[in-house]
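Single-structure report; data block below.
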Amino acid sequence: MDNSNTKSPSLLGAVRSASWSIGLTQEELARVESTVIERRFAPGSLVCRKGEPVEYWYGVIEGLLKLSSDAESGKTASLTGVPPGGWFGEGSLLKSEIRRYDGVALRDSRMALMPRQTFLWLLDHSISFNRYLLTQLNERLGQFICLLESERLLDTDARVARCVATLFNPVLYPGLSRKLAVSQEELGYLTGISRQRVNRSLKILQDAGYLSVAYGGITILNLDGLRKLGS
DNA sequence: TCATTAAATTGTT
DNA sequence: AACAATTTAATGA
């Protein structure tokens, strides 16, 4: 039905199809391809840890991540989910500071890791890469502003809507079809809402025509509508 | 290809 | 959190 027929993308395939690599020269692309590595992560394991030095720029080849920040009080704030095709960590790399959030694999995930050195080299050599980063940073900023609002002001259904809408962000996660294989339990982890409540919200959103729920995944029918629920 | 079984996910309380 | 119902995936004839 969904992308189960899709063969597992290779590391280099993921790099070449990434939107930031399209404008690179052969030389630049070659440098990226010779330094990027792949790593697997089991469900629940930490891809990157808050407080540690930032050594890589991360891309999701396959799987699903949650970026979250655990306060010392024990409260955990989920920042965003990252589906396949998403790259993150550029903010911390640019500022050369320690990482400010955890990256947790919600299921078996394959990650592409671009060394910091390569990332900075691209920054110095490729105009199109810089342009990509601008749009990426801008888009993410908009997401976080919406996130702040939704955490405080919106009801649970709208928070679920926002979470789903961010997963389908065409700028940050291009090439994603309107279908995404994400279980209701995983959405619960992403939103910090119980699976039961997510189930209820999804049904409401489905009845309202924004999306359709199916076994093991959802299909977006009205992305703009979902966004507006959160604004 | 089809039937059976196990595992994952959903729907409900 | 627990439970039943449903869907998928795996297995073997």
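Taking other C-beta atoms within 10 angstrom as a stand-in for reagent exposure, A:102, A:207 fall in the order A:207, A:102, fewest first.
Between the Cα long axis of helix A:116-125 and the first principal axis of chain A there is an angle of about 70°, rounded to the nearest 10.
Ranked by the mean number of other Cβ atoms within 10 Å of their residues, highest first, the peptides A:142-151, A:156-165 fall in the order A:156-165, A:142-151. Take the Cα of residue A:178, step 7 Å toward its Cβ, do the same at residue A:42, and the gap between the two points is 3.9 nm.
Sort A:80, A:25 so the one with the fewest other Cβ atoms within 10 Å of its own Cβ comes first.
Listed from fewest to most nearby Cβ atoms, that is A:25, A:80.
Approximating the spin labels as points 7 Å out from Cα along Cα→Cβ, the residue A:77-to-residue A:151 distance works out to 0.3 nm. Stokes-Einstein at 20 °C, 1.002 mPa s, Kirkwood radius from Cα pairs: D for chain A in µm² s⁻¹? Estimated via Stokes-Einstein, D reaches 118 µm²/s. By other beta-carbon atoms within 10 Å, ranking A:131, A:107 with the fewest at the front produces A:131, A:107.
Geometric descriptor of region A:1-96, per residue, is 137 Å³ (volume of the convex hull of the Cα atoms). Lys-Lys pairs in chain A that are eight or more residues apart or on separate chains and whose Cα atoms lie under 29 Å of each other come to 16.
Kirkwood hydrodynamic radius of region A:155-231, from the reciprocal of the average inverse Cα-Cα distance over all distinct pairs: 12.1 Å.
Structural size metrics of region A:83-138, computed from C-alpha coordinates, are Rg and Dmax of 12.4, 35 Å.
All of the numbers you see were taken from the coordinates with simple rules; none came from a lab. Only a predicted model underlies this, so the values are computations on that prediction, with no experimental measurement involved. Every residue, glycine among them, receives a Cβ derived from its backbone with ideal geometry; neighbour counts consider all protein chains shown.
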